[in-house]
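Asker: Just passing along the structure, written as structure tokens.
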Amino acid sequence: MPELPEVETVMRGLDGHLTGRRIVSARLNRPDIRFVVPPELPAVLTGAKVLGFRRRGKFMLMRVDNGFSVLIHLGMSGRMLLDGMPALHEHFVLETDDGGRVGFVDPRRFGVLDLLRTADEDRHKLLAAMGPEPLGNAFSAPVLAAALKGKATPIKAALLDQRVVAGIGNIYASEALFRAGIDPRRLAGKISRPRIELLVREIRATLLEAIAAGGSSLRDYVQPSGELGYFQHAWKVYGRAGEACERCPGLPGCAGIKSITQAGRSTFYCARTQR
């Protein structure tokens, strides 16, 4: 599933392509994706001007000038394609006054399209309980420490909880924990304040580097332009089980990068340097 850097990259591509344009045609090719899509969506969007975009965790919100927003989640396999020909599994299409075209393609149909009033965005059932944005001012060591206090779950699982912090998924949780030197199995409520401060810094740094690289291309993800992301070439542990750890290759006690399963998800870490 695309995580925060991939969603941010897609959103920026859509923003550059759609903001300021008027929608001359909006078409649903099926009534549902993961959930039923509001049938009035095409009528609400046709003739509206796109004002801009906002990301909330792994969701995108497209705002238009009649007071509505479109909530978009890419699911497991969703892609937004710009100015291309109609594609297989293209469930939603927008055409704009400059001749532009955007198609939402989702073969597995785990994505989400919903319509809501812009004023009600933060009260939407899929957004209301979300934690702070990790790149925003509301995310800090005191905030994360308060969210982790008393938690008896492993820190990796806690970071995947969107109520603790929004947008972090499997890849970037593993990468940030490696950079911070924290064992993903350590109980979230037992991590000291100095280590939480370091973790907050490394979460921010990891996400910003990934955004700069266009995200990580894994399975279905591509940028709206069709380009791949490149952050997968900078992964330090994710997907590298059995390889040497860059911090301690060949040193006594170094067994390379390990992979374990936590809550049904693969976790990658160095047992020697992450404590």
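The values are calculated or read from the model by the stated rules, or taken from the named source; none is laboratory data. Since this is a predicted model, take the numbers as computed values, not measurements. Every residue, glycine as well, gets a Cβ built from its backbone with ideal geometry; the counts of neighbours run over all protein chains shown.
Asker: Could you grab me the full set of residues in the stretch 13-51 that are assigned to a helix (DSSP H, G or I) and either outside the structural domain of SER69 (by TED's automatic domain parsing) or free of Cβ contacts under 8 Å to residues at least 40 places away in the same chain (or both)? Can you show your working first?
Answerer: The initial filter retains those residues of the stretch 13-51 that are assigned to a helix (DSSP H, G or I), namely 13-18, 41-45.
Those that are assigned to a helix (DSSP H, G or I) and either outside the structural domain of SER69 (by TED's automatic domain parsing) or free of Cβ contacts under 8 Å to residues at least 40 places away in the same chain (or both): ASP15, GLY16, PRO42, ALA43.
Asker: Which of the residues that make up the stretch 127-152 are surrounded by fewer than 18 Cβ atoms within 10 Å (Cβ to Cβ) and either in contact with an Asp or Glu (Cβ under 8 Å, 6 or more places away or on another chain) or of a type in the set (D, E, K, R) (or both)?
Answerer: ALA128, GLU133, ALA141, LYS149, LYS151
Asker: Name the residues in the stretch 150-173 that are among the small types (Gly, Ala, Ser) and under 22 Å from PHE59 (Cβ atoms), would you?
Answerer: Answer for the stretch 150-173, where residues must be among the small types (Gly, Ala, Ser) and under 22 Å from PHE59 (Cβ atoms): ALA157, ALA158, ALA166, GLY167, GLY169, ALA173.
Asker: Next question. Of all residues in the stretch 245-275, which are surrounded by fewer than 15 Cβ atoms within 10 Å (Cβ to Cβ), in a loop (DSSP other than H, G, I, E, B) and assigned by TED's automatic domain parsing to the domain that holds ASN170?
Answerer: Those that are surrounded by fewer than 15 Cβ atoms within 10 Å (Cβ to Cβ), in a loop (DSSP other than H, G, I, E, B) and assigned by TED's automatic domain parsing to the domain that holds ASN170: GLU246, ARG247, PRO249, GLY250, LEU251, PRO252, GLY253, ALA255, ALA263, GLY264.
Asker: Shifting gears a bit: Go over the candidates THR261, THR267, THR273 one by one and state the one that is farther than 16 Å from PRO2 by Cβ, modelled with pLDDT under 95 and among the hydroxyl-bearing types (Ser, Thr, Tyr). Before you say what the answer is, go through the steps one by one.
Answerer: Numbers: THR261 fails: modelled with pLDDT under 95; THR267 fails: modelled with pLDDT under 95.
None of the others qualify; the one that does is THR273.
Asker: Evaluate the stretch 77-90: report whether one residue or more is assigned by TED's automatic domain parsing to the domain that holds VAL44, farther than 23 Å from ARG21 by Cβ and small (Gly, Ala, Ser). It would help to see each step written out before you state the result.
Answerer: As a first pass, look at the stretch 77-90 and keep what is assigned by TED's automatic domain parsing to the domain that holds VAL44: 77-90.
This time we only want the ones that are farther than 23 Å from ARG21 by Cβ, so: 77, 88-89.
Cutting the leftovers down to small (Gly, Ala, Ser) gives us 77.
Looking through the stretch 77-90, at least one residue is assigned by TED's automatic domain parsing to the domain that holds VAL44, farther than 23 Å from ARG21 by Cβ and small (Gly, Ala, Ser).
Asker: Hey, could you check the stretch 79-110 for residues that are of a type in the set (A, V, I, L, M) and part of a loop (DSSP other than H, G, I, E, B) and say which is surrounded by the fewest Cβ atoms within 10 Å (Cβ to Cβ)?
Answerer: Let us first name the residues in the stretch 79-110 that are of a type in the set (A, V, I, L, M), namely 80-82, 85, 87-88, 93-94, 102, 105.
Narrowing the set further to residues that are part of a loop (DSSP other than H, G, I, E, B) leaves 85, 87-88.
Numbers: MET85: 8, ALA87: 13, LEU88: 6.
Checked the stretch 79-110; the qualifying residue surrounded by the fewest Cβ atoms within 10 Å (Cβ to Cβ) is LEU88.
Asker: Another question, if that's okay. Considering each residue of the stretch 194-242, count those that are of a type in the set (Val, Ile, Thr), out of contact with any Asp or Glu (no Cβ under 6 Å at 6 or more places or on another chain) and at pLDDT 90 or above, and give that number.
Answerer: The number of residues fulfilling the criteria is 4.
Asker: Tell me, please, whether a residue that is within 15 Å of the chain's Cα centre (by Cα) and at pLDDT 95 or above can be found in the stretch 136-159. Working first, answer last.
Answerer: The first filter runs over the stretch 136-159 and keeps only residues within 15 Å of the chain's Cα centre (by Cα), leaving 136, 159.
If we keep only those that are at pLDDT 95 or above as well, we get 136, 159.
Within the stretch 136-159, one or more residues are within 15 Å of the chain's Cα centre (by Cα) and at pLDDT 95 or above.
Asker: Out of all the residues in the stretch 190-216, which are small (Gly, Ala, Ser) and touching a helix residue (DSSP H, G or I) at 6+ places or on another chain (Cβ under 6 Å)? Break it down stepwise before answering.
Answerer: Here is the first cut: in the stretch 190-216, the residues small (Gly, Ala, Ser) are 192, 205, 210, 212-216.
Within the stretch 190-216, ALA210, ALA213, GLY214, GLY215, SER216 qualify.
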